[in-house]
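Engineer: Here's a structure for you.
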Amino acid sequence: MNCLHPLLSKIHLIIIVILQFYLLQSFGQKLNYLDLRKYILQRPMNDEDTLTLSNNIHTLEKIDTNQIRRNFLKDYYADLGKLYWLLAHGRNKTVYLQKAFATYSKALSHAPHDPRVLWFFALWYAYHDNCIKAKLYMDSFKKHSDRKKWNTECIAFAEAQCQ
């Protein structure tokens, strides 16, 4: 019986080490997406630089969102949604518009008052002739964004869609 006691003690120690390692991995430090973003995303030459846009999308899609801190998920999804939106103006328009909508919907669930997300939905619904929702999101955008940063021409254009 005395021979088993040291063996059980070692097994107990191994189990504790494994448990600590698992807990550290599960609840340890997560990524600050804003710090990571400046190193992984390339600046496109313009809105029609589909190669850079596609590369950025591919890079973001490879990131495990479980490793991003919760308060930075809104930024991740807003960036990915914008890239899909910009790429939708080229080939496969419908596919990328659907991906943009789905991605911005995720961003909305993490940050319901984020002006980038509200702006997207205001435009989306205006272009898709759902003027009630377009007005709702436009009013919310105006309420939660800095008036100095408004693009009044774009706002007037979006509001004219529902006239």
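Engineer: Please express the shape of segment 47-163 as an equivalent ellipsoid: the semi-axes are the square roots of 5 times the eigenvalues of the C-alpha gyration tensor, given largest first in whole angstrom. Intermediate values should be presented prior to the final figure.
Structural biologist: On the way: eigenvalues 115, 64, 30 Å².
In descending order, the three semi-axes are 24, 18, 12 Å.
Engineer: Around PRO112, under 13 Å between beta carbons, what's the net of Lys plus Arg minus Asp minus Glu among the other residues? Each step should come with its number before you reach the end.
Structural biologist: Details: positive: LYS74, LYS106, ARG116, LYS143; negative: ASP114.
Residues near PRO112 contribute +3 overall.
Engineer: Taking the Cβ of ALA158 as the centre, find all other residues whose Cβ is under 14 Å away and add up their charges (Lys, Arg: +1; Asp, Glu: -1). Write out the running numbers ahead of the final one.
Structural biologist: Working: positive: LYS133, LYS135, LYS142; negative: ASP129, ASP139, GLU153, GLU159.
Summing Lys and Arg as +1 and Asp and Glu as -1 gives -1.
Engineer: Give the calculated FRET efficiency between GLU153 and SER109 to the nearest 0.05, with a Förster radius of 41 Å applied to their Cβ-Cβ distance. Before the final figure, lay out the partial values.
Structural biologist: Working: r = 30 Å, r/R0 = 0.73.
So the FRET efficiency works out to roughly 0.85.
Engineer: Quote the relative contact order of segment 44-154 in percent (integer), defining contacts as alpha-carbon pairs under 8 Å separated by 6+ residues. Spell out each step's value before the answer.
Structural biologist: On the way: 101 pairs, mean separation 21.5, N = 111.
Across segment 44-154, relative contact order equals 19 percent.
Engineer: Continuing with the same structure: Where the Cα atoms of segment 56-109 are projected onto their three principal axes, how long is each span, largest first, in whole Å?
Structural biologist: Sorted largest first, the three principal extents are 33, 22, 12 Å.
Engineer: Sticking with the crude label model, points 7 Å out along Cα→Cβ, report the distance from LYS135 to LYS38 in nm, one decimal please.
Structural biologist: Label at LYS135, label at LYS38, 4.3 nm between them.
Engineer: Follow-up question, since we're still on this one. Would you mind ranking TRP150, TRP85 so that the residue whose beta carbon has the fewest other beta carbons within 10 Å leads the list?
Structural biologist: Working: TRP150 14, TRP85 21.
Fewest-to-most ranking of TRP150, TRP85: TRP150, TRP85.
Engineer: Based only on other Cβ atoms within 10 Å, what is the fewest-to-most ordering of MET138, MET45?
Structural biologist: Details: MET138 22, MET45 9.
The order, fewest Cβ neighbours first, is MET45, MET138.
Engineer: Now for a separate question. Name the long-range amide H neighbours of HIS89: under 5 Å, sequence gap of 5 or more, or other chain; modelled H, no Pro or chain starts.
Structural biologist: Amide H neighbours of HIS89: none.
Engineer: Further question: Would you list the P(r) distribution for segment 98-163, with all Cα-Cα distances sorted into 5 Å bins from 0 and each bin expressed as a whole %?
Structural biologist: Here the calculated profile for segment 98-163 is 4, 20, 29, 26, 17, 5, 0.
Engineer: I've got another one for you. Quick one: length gained pulling SER145 to LYS93 fully straight, 0.36 nm per residue minus the C-alpha distance?
Structural biologist: Numbers: separation 52, 0.36 × 52 = 18.72 nm, distance 2.86 nm.
Separation in residues times 0.36 nm, less the Cα-Cα distance, equals 15.9 nm.
Engineer: Relative contact order of segment 108-163, please, whole-number percent, based on alpha carbon pairs below 8 angstrom and at least 6 residues apart.
Structural biologist: Numbers: 48 pairs, mean separation 21.1, N = 56.
Taking the mean separation of contacting Cα pairs over the length of segment 108-163, I get 38 percent.
Engineer: Arranged from highest to lowest average of other beta-carbon atoms within 10 Å per residue, in what order do the peptides 122-130, 58-66 appear?
Structural biologist: Result, highest mean Cβ count within 10 Å first: 122-130, 58-66.
Bear in mind that the values in this text are calculations on the coordinates, not laboratory data. The model shown is predicted, which means the values in this text are computed figures rather than measured ones. Using ideal geometry, Cβ is built from the backbone for each residue, glycine included, and neighbour counts are taken over all protein chains shown.
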